[in-house]
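Notes for the one structure printed next.
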Amino acid sequence: MTARTTRARHRAARRPVTPLTELAQNAAVGRRTAVAAAGGALLVSTFGGAMAAQAAPMETGPAKMNSVDLNALTSQARESLSNAPVVTVAPDAELSVEKSAVSVVSAADNEDYQAEIAAKEAAEAAAAEAAEAADAAAATVSTASASVDVPASAIGNSVISIASRYIGVPYVSGGGSPSGFDCSGFTSYVFGQLGISLPHSSSAQAGYGTQVSASEAQPGDLMWTPGHVSIYAGGNTMIDASKPGTVVDFRTIWQSNPTFIRLG
């Protein structure tokens, strides 16, 4: 070994070791190294031969790394930070949450709900009643088939004239209006229009007025038998609200021994 070679080795040994020393050494053995300077510090990243296959693609031609302008990125970051909205909260700030009481009312105690239910039930009851009346009317005997000729003696009679207005009204148990009549409801309604008040009861009506014999009976007299009352129309006819399934009409007298009562 010559004296010159010895002195060169001593100088190399006395050189200070820096991050660039490792970079130079890695370059000598074929490793790729990326150096980035940011914020006044030196960053050395070494990728060995085993990592070369996982590195980012290189440009064609002489091998070189993609470069990044860190100064430009730093300027953009500063600009974004300066333009970002700043929210400040006082150190003694307090978060208050408003509380409201919630009351629960049962369905039984809810007046509006109960009123709604009552109205609905009333509407359903009215619809059912109307349907029942329609069914009853559909089941009634037609006026033409049940009618008999009205005697001439009844023509012009005030009671018979009023009673004739309601021919065709269906029999309704307990009924006392043109929407439906039972026997005593019909007679009391007809005589009421003449100013004669009768109770809505066939047995009670038997105690009003004056009884007359069958030979003395005239159109417009009451004709009573136990459980039924009608209006005598002369000859062998009467007008009444007979029984369920029928309508008000003139009929042949079917009672064997009726009682005739004159009113007014």
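The values are calculated or read from the model by the stated rules, or taken from the named source; none is laboratory data. The structure displayed is predicted, hence computed values, not measured ones. Because the Cβ atoms are built from the backbone with ideal geometry, glycine has one as well, and the counts that use them run over all protein chains shown.
Structure values in brief
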item: Some residue of the range 174-182 being within 20 Å of D149 (Cα to Cα), small (G, A, S) and not in a loop (DSSP other than H, G, I, E, B); result: no
item: Which numbered condition Q114 fails, given (1) closer than 30 Å to F186 by Cβ; (2) modelled with pLDDT of 80 or more; (3) surrounded by 11 or more Cβ atoms within 10 Å (Cβ to Cβ); result: (1)
item: Residue match in the range 120-129 (condition: at pLDDT below 75 and surrounded by 10 or more Cβ atoms within 10 Å (Cβ to Cβ)); result: yes
item: Single unsatisfied condition, S202 versus (1) among the hydroxyl-bearing types (S, T, Y); (2) more than 40 Å from the chain's Cα centre (by Cα); (3) under 16 Å from D249 (Cα atoms); result: (3)
item: Boolean, I162 is surrounded by 13 or more Cβ atoms within 10 Å (Cβ to Cβ) and without any contact (Cβ under 8 Å) to a residue 40 or more places away in the chain; result: yes
item: Filter result for P219 (crowded, with 21+ Cβ neighbours inside 10 Å and closer than 30 Å to E129 by Cβ); result: no
